[in-house]
Amino acid sequence: MLERARTALLAALPPAEVPGADVAQRLDTFLVEVEDAFRRHPHGVKLLLGLGTVRQDASAAAVAEVRQYRDALVGWARDSVGSVFSLRDRPEVADELARFTLRMASGTAVARWFEPDTLLETGPLRVALLALAAHHGVPVRGVPGGDAPSRGVTAGE
């Protein structure tokens, strides 16, 4: 069951090479794609997150499956934000931005256990990613819409 959930979630991810003429277009495309994958697979995300939180009670095979999923997801996110911000020569920055993105999505998935209509807030995520990139000296000046409101995705969409 875990392997099927992992396979389905990873197959739903968009290509890591994010299309767009500039950072703003690539970031917007990336966030729409993350939003879409999150919306289409809410139960699989919850399942894998849930198992990740009870590792000590899970079998060795289940723990290995969750680790394999986590590693693949981090790799995809690192490649994706690396593409968005042109960070091929700065893997440590790409890794930080990727893990931040995944923590935001994971936190939203956990929140949905308690409030099923919780949104994945891509507007604030966009602002935060731009700020983190700028903090690391990544050129983001002139990116329009850094303060754009979040569209969000509801559980029912």
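The values are calculated or read from the model by the stated rules, or taken from the named source; none is laboratory data. Every value quoted in this text rests on a predicted model; they were computed, and no experiment measured them. Here the Cβ is made from the backbone with ideal geometry for all residues, glycine too, and neighbour counts use every protein chain on show. Note: accessible area is taken over every heavy atom of the protein model, side chains too, but ligands, DNA and RNA are not part of it. Shrake-Rupley method; radii C 1.70, N 1.55, O 1.52, S 1.80 Å.
Counting just the residues of the range 1-31 that are among the β-branched types (Val, Ile, Thr) and surrounded by 14 or more Cβ atoms within 10 Å (Cβ to Cβ), which one comes out nearest to Leu129 (Cα to Cα)? Working first, answer last.
Looking only at the range 1-31, we keep the residues that are among the β-branched types (Val, Ile, Thr), and these are 7, 18, 23, 29.
Narrowing further to those that are surrounded by 14 or more Cβ atoms within 10 Å (Cβ to Cβ): 18, 23, 29.
Numbers: Val18: 15, Val23: 11, Thr29: 14 Å.
Taking the candidates together, the pick is Val23.
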Examine the range 113-135 for a residue that is farther than 20 Å from Val32 by Cβ and among the β-branched types (Val, Ile, Thr), and state whether such a residue exists.
no
Residues (of a type in the set (A, V, I, L, M) and not in a loop (DSSP other than H, G, I, E, B)) located in the range 1-28:
Leu2, Ala5, Ala8, Leu9, Leu10, Ala11, Ala12, Val23, Ala24, Leu27
Of everything in the range 84-93, what is open to solvent by 10 Å² or more (accessible area, probe 1.4 Å) and not in a loop (DSSP other than H, G, I, E, B)? Give them in sequence order.
Pro91, Glu92
All positions within the range 113-133 that are out of contact with any helix residue (DSSP H, G or I) (no Cβ under 6 Å at 6 or more places or on another chain), touching a residue at least 60 places away in the same chain (Cβ under 8 Å) and over 18 Å from Val84 (Cα atoms):
Trp113
Of all residues in the range 94-119 being open to solvent by 80 Å² or more (accessible area, probe 1.4 Å) and assigned to a helix (DSSP H, G or I), which is modelled with the lowest pLDDT?
Trp113
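Taking the range 32-58 as the search range and keeping residues that are at pLDDT below 75 and charged (D, E, K, R), which one is least open to solvent (accessible area, probe 1.4 Å)? Please lay out each step first, then the result.
First pass over the range 32-58, keeping only residues at pLDDT below 75: 41-58.
If we keep only those that are charged (D, E, K, R) too, we end up with 46, 55, 57.
On the way: Lys46: 51, Arg55: 108, Asp57: 128 Å².
Looking at the filtered set, the residue picked out is Lys46.
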